[in-house]
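Everything on this sheet refers to the single structure shown next.
The values are calculated or read from the model by the stated rules, or taken from the named source; none is laboratory data. Fair warning: this is a prediction, and the values are worked out from it, not measured in the lab. Positions of Cβ are generated from backbone atoms using ideal geometry, with glycine treated the same way; all protein chains shown enter the neighbour counts. Heads up: the accessible areas ignore ligands, DNA and RNA and are worked out on the full protein's heavy atoms, side chains in. Shrake-Rupley method; radii C 1.70, N 1.55, O 1.52, S 1.80 Å.
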Amino acid sequence: MSVRGIAAIAAAAPGRLALLCDDEPTTYGELDAAANRIANGLQAVGVRRGDRVAVRLRNRPEVFAAWYGVTRLGAIMVPISYRLTPAEVAYMVTDSGAVTLIHDDGAPPLPAAETFADLRAVLAVDDAVLADQPAQPPNRDFLGNTVPRMQYTSGTTGRPKGIRRAAPEPASETPLWQVAEYWGFSGEDVHLLCGPAYHTAPGAYAEMHLVLGGVVVIMRHFDAESSLELIERHRVTTSHMVPANFIRILECDWRRHDRSSVRKILHAAAPCPVSVKRAIMEVFPPGSVHEYYGASEGLATAISPEEWLGKPGSVGRAYPGVSVEILDDEGRSLPPAKVGTIYIGTRPGREFEYHNDPEKTRAAWHGSMFTVGDLGWLDEDGYLFIADRRTDLVISGGVNIYPAEVEQRLIEHPDVVDAAVFGVPDERMGQRVHAVVELRAGAPRDADALIAYAGAVLADFKLPRAIDFVDELPREPNGKVFKQRLRDDVLARRS
């Protein structure tokens with residue numbers, strides 16, 4: 001389309017299809033009106049420009065209406081996982097300073113009402129206060145703005161921290177979204193939202209398509225067979241996935257489904273084993289599976305399928321306008337092939353602070369570059385390879401063990417969907433390797449067999465000394481496995 005932004009598209013083509021969920025359509029006109037109603041409802045309970053509004057919703061069309069309702073007041077949206085416990089929700093709402101919480105009645109219970117004494121309102125998304133409002137915007141100042149987020153990221157230690165950026169300035173017209181332009185998205189695309197919208201990338205990439213006038217097909221919950229059916233039925237052209245999605249799809253009889261409409265599958269959030277990547281490249285059309293590396297704090301690298309085949313295991317070279325360097329503990333640049341801390345030089349206007357944590361902010365920045373603590377190396381051609389997170393590094397008997405290497409081997413097992421490996425205290429060795437594994441349905445929970453499988457490739461000192469099994473691994477808002485929670489659970493059981 002020649003116009004950008006939900007409000008502009010709704011004005012130009014109100015009947016244009018925006019969302020499909022359970023085959024129920026939502027037009028741009030309907031989405032725009034729903035966002036305006038929520039904006040008017042939020043204004044009625046006292047939300048003002050610069051305020052923070054927490055949004056805790058499952059995947060459904062109302063997610064985008066709520067996000068844009070917040071945006072149209074110049075407020076900042078704080079996405080919160082519907083999987084969090086009441087105590088975790090209470091912490092994020094309180095820490096962010098949110099003045100209102102929009103929630104989903106279908107999500108797990110909220111904390112007790114007195115926990116939210118400082119909030120102006122706690123509203124179900126279907127509440128009459130939001131729904132029974134005028135369909136016109138409360139003002140026209142922010143009609144061109146994309147959704148400003150304060151995304152929470154936990155890393156591996158401590159409580160989650162909000163990534164705070166400068167408050168948005170009013171925009172009557174939606175600017176070009178550089179990342180969307182880089183990937184070649186257009187208003188003709190049909191995008192499959194198959195991850196939780198509260199995760200950084202799935203939500204942002206879905207929004208990019210709406211800004212351009214595309215269609216977003218919403219999956220309430222990911223199911224591999226259903227994802228293939230939706231791709232075939234709606235002629236899906238783009239999607240954002242993680243390696244766990246790939247593994248589930250490879251378990252299906254994927255050849256039964258027409259995937260020819262797909263032109264771009266992006267993946268990130270977790271290392272993808274080389275064998276899984278090669279296999280999924282056979283599922284989708286040639287040249288369609290692209291990878292990138294980054295964090296909620298910022299995008300760093302990207303790699304095309306053709307490049308990856310020449311550099312298997314790499315996450316690519318620096319994204320345009322971004323620099324990537326490997327530094328040692330003293331902040332000195334390291335030569336190619338040397339493992340060190342990955343630092344990213346962010347694009348202008350994308351600088352950030354960690355909310356309520358100046359110490360963490362200072363530790364993240366080195367001049368104009370920041371790090372999230374990941375370790376890696378660059379090759380002679382400037383391609384980045386990830387080693388691990390510094391805080392995940394296991395030192396056992398004085399030897400460094402990179403959990404990512406162990407995880408990739410475990411994930412190569414045909415029964416394994418995903419794995420998390422970390423260190424736990426050990427009196428003799430300092431730390432020992434522990435794994436938590438998510439298996440495919442019906443697979444036997446045989447820890448000894450998995451350890452033996454890993455031992456066929458890995459040295460003995462790298463192998464897990466114990467393996468726990470779970471139905472589903474917990475994840476951070478950025479989609480990465482929440483290792484701190486798993487580690488805390490193991491330590492709590494030991495104590």
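Looking at (1) farther than 30 Å from H221 by Cβ; (2) in a strand (DSSP E or B); (3) under 25 Å from the mean Cα position of the chain (by Cα); (4) not basic (K, R), find the lone condition where I395 falls short.
Unmet for I395, out of (1) farther than 30 Å from H221 by Cβ; (2) in a strand (DSSP E or B); (3) under 25 Å from the mean Cα position of the chain (by Cα); (4) not basic (K, R): (3).
When segment 26-79 is examined, which residues are found to be part of a helix (DSSP H, G or I), under 20 Å from A167 (Cβ atoms) and open to solvent by less than 20 Å² (accessible area, probe 1.4 Å)?
A35, I38, A39, L42, A66, W67, Y68, G69, V70, T71 - these are the residues of segment 26-79 that are part of a helix (DSSP H, G or I), under 20 Å from A167 (Cβ atoms) and open to solvent by less than 20 Å² (accessible area, probe 1.4 Å).
Here's a check for you: in segment 313-323, which residue that is part of a loop (DSSP other than H, G, I, E, B) and open to solvent by 40 Å² or more (accessible area, probe 1.4 Å) is farthest from F185 (Cα to Cα)?
Among residues in segment 313-323 that are part of a loop (DSSP other than H, G, I, E, B) and open to solvent by 40 Å² or more (accessible area, probe 1.4 Å), the one farthest from F185 (Cα to Cα) is G321.
Can you report the number of residues in segment 255-273 which are within 26 Å of R389 (Cβ to Cβ) and in contact (Cβ under 8 Å) with a residue 40 or more places away in the chain?
Counting residues in segment 255-273 that are within 26 Å of R389 (Cβ to Cβ) and in contact (Cβ under 8 Å) with a residue 40 or more places away in the chain gives 6.
Could you tell me whether E88 is outside any loop (DSSP other than H, G, I, E, B), open to solvent by 40 Å² or more (accessible area, probe 1.4 Å) and closer than 25 Å to G479 by Cα?
yes
Does segment 172-188 contain at least one residue that is surrounded by fewer than 20 Cβ atoms within 10 Å (Cβ to Cβ) and touching a Pro at 6+ places or on another chain (Cβ under 9 Å)?
yes
Take A270 and tell me if it is closer than 23 Å to I218 by Cβ, within 19 Å of the chain's Cα centre (by Cα) and open to solvent by 10 Å² or more (accessible area, probe 1.4 Å).
yes
Of the residues that sit in segment 273-312 and are at pLDDT below 95 and in a loop (DSSP other than H, G, I, E, B), which one is nearest to the chain's Cα centre (by Cα)?
S296
So which residues in segment 213-249 are part of a loop (DSSP other than H, G, I, E, B) and either among the basic types (K, R) or within 23 Å of C272 (Cβ to Cβ) (or both), if there are any at all?
Listed by number, the residues that qualify are M219, R220, H221, F222, D223, R235, V236, T237, V242.
So, E225, is that one over 21 Å from the mean Cα position of the chain (by Cα), open to solvent by 30 Å² or more (accessible area, probe 1.4 Å) and either at positive phi or in contact (Cβ under 8 Å) with a residue 60 or more places away in the chain (or both) or not?
no
Taking the condition of being open to solvent by 20 Å² or more (accessible area, probe 1.4 Å) and part of a loop (DSSP other than H, G, I, E, B), how many residues in segment 344-360 meet it?
Qualifying residue count, segment 344-360: 8.
What residue, of L193, L228, L212, is at pLDDT 95 or above, out of contact with any Cys (no Cβ under 7 Å at 6 or more places or on another chain), farther than 22 Å from D104 by Cα and not acidic (D, E)?
Answer to the selection: L212.
Can you go through L334, L375 and tell me which one is aliphatic (A, V, I, L, M) and open to solvent by 50 Å² or more (accessible area, probe 1.4 Å)?
Only one candidate qualifies: L334.
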